[in-house]
Structures are given as structure tokens and as C-alpha cells.
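The next block holds one structure in the form of C-alpha cells; read it before the comments.
The values are calculated or read from the model by the stated rules, or taken from the named source; none is laboratory data. Because the structure is predicted, anything quoted here is derived from the model rather than measured. Note that each Cβ is placed from the backbone with ideal geometry, even for glycine, and that neighbours are counted across all protein chains shown.
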Amino acid sequence: MKILIVEDEAKTGEYLRQGLGEAGFVVDRARDGGDGLHLALQGEYDLVILDVMLPGLDGWQVLRSLRGRGLQMPVLFLTARDQVEDRVKGLELGADDYLVKPFSFAELLARVRTILRRGRGGIDTVTLRVADLELDLLRRRAFRGGRRIELTAKEFGLLELLMRRHGEVLPRSLIASQVWDMNFDSDTNVIEVAMRRLRLKIDEGREPKLIQTVRGMGYVLEVPDR
Ligand code: CA
């Protein structure tokens, strides 16, 4: 599988190139929009990872040119601003998914694999659903039984991870690396505290309880049996 990274920031670009290379992908990198477009038009890429803020042509112009010429390879865009207009614009221009900087490499890799697995054919991850719990990834809103639940950015990230991998017990170390982008430190109870708040918001006074603690292992979001 061949991936093109279009990213001007040396540190991020190199980190992505190296990480994806180690994960078994063949990776090319362009440092500005013009080069990125040129390479994308020539190369047979399975995926383009496109930064939005680029010198020369910006990410939007590159994306528009690609789609305008009928190239349909999947595009994952990177944006530094967590703003709904950016996400809507990118998806409307034909991108397949996005990540807000800073992100963890583990999260990027998970997205890359999901996109490559499902291939092109529309975005199927705009809303995540488990039972009557809904997470609108585009507008970053959560609903349970149709009622809006206010979440902080971290709580949203935590719930998104639990919902994307529902039914799977997630160890604290994985949650720490994906939501807080930190190595797990057993002295901190930041995860427990955030999880307790999230459970109050999601499950308090509602049935079934969706977030479960699995002793000594971690947390899982699922509809309990029976
Ligand atoms: Ca940039």
C-alpha cells in the first residue's frame, strides 16, 4: 500500500513518514501543495494524508484539484483548528476523514487502516451509534435517547474511542496514549476521573448502562447481555 504525505512541517512530516514506513506502508512525502498535487497526479497512491495549512497551494486547493480531475483516492486531511467549518469544508470537498492536530500516531494509524479497509464510497463514520447513544463526529455532539449531552473535548475524545471500539475492553494504557497522548503513569488517576464524569453524563438515570469497568483490565462500552 502506497501513501502520500503532504505536510510542510519537518517534524510532523518525518514522524509520519517514519511511523507509516515502520507500519509497512510505502511512503512518499511532499513539502508543499504544488509538489503534493504533482506527485498525487502521477503516483498511484492508495491514500493521501493532506495537511490543510501548506505553503503555495493549500490543502483545500490540492483536494479540489484532485477531485476536479476525477482522482478518487481516499484523502485524510489534517487540520490544526478544531472548527466545524473546516471539517464540513473538507468533507464537502471530497475528503474521507480528518484528524485534528495534535493527534497520536496510534489514532492516525487506526484511521488510515479503517479508510483503506472500507475503500472509497462515502463517509460511513460521521455518526457513531451504540444502542440509543449517538455521537455526531462532524458537529462533535453527543445524544442519548435523542437528548443532547454536553461534553468537554477530552470527554468527547474518550467517548469517541469507546464507541469506535465498542465491545472491546480498552486498557488504561491504550486510553492514555490515544486520548491524552501520554504514556501511562500509574500514579495518575486522570483517566478514572474523566471516566467517572463521562459515566455520569452518559449512564446516570438511564438504562442500559453502557460503560462498564472490567476489573484489572480497563473499560468497555457495550450493551450488557440480557
Ligand atoms: Ca502545515
The stretch 140-155: number of residues that are farther than 19 Å from GLN178 by Cα, hydrophobic (A, V, I, L, M, F, W, C) and surrounded by fewer than 17 Cβ atoms within 10 Å (Cβ to Cβ): 1
Within the stretch 9-47, the residues that are acidic (Asp, Glu), buried (at least 16 other Cβ atoms within 10 Å of the Cβ) and away from the ligand (no atom under 13 Å from the Cβ) are ASP28, ASP35, ASP46
Give all pairs with beta carbons closer than 7 Å in which a residue from the stretch 64-85 that is at pLDDT 90 or above meets a residue that is of a type in the set (Ser, Thr, Tyr) and within 16 Å of the ligand (Cβ to nearest atom); count only pairs at least 6 apart in sequence or on separate chains. LEU76/TYR98; PHE77/TYR98; THR79/TYR98
Of the conditions (1) out of contact with any helix residue (DSSP H, G or I) (no Cβ under 8 Å at 6 or more places or on another chain); (2) more than 16 Å from the ligand (Cβ to nearest atom); (3) touching a residue at least 12 places away in the same chain (Cβ under 8 Å), LEU133 clears all except one; give me its number. (1)
Can you tell me which residues in the stretch 125-175 are assigned to a loop (DSSP other than H, G, I, E, B), of a type in the set (A, V, I, L, M) and at pLDDT below 90? VAL126, LEU137, LEU138
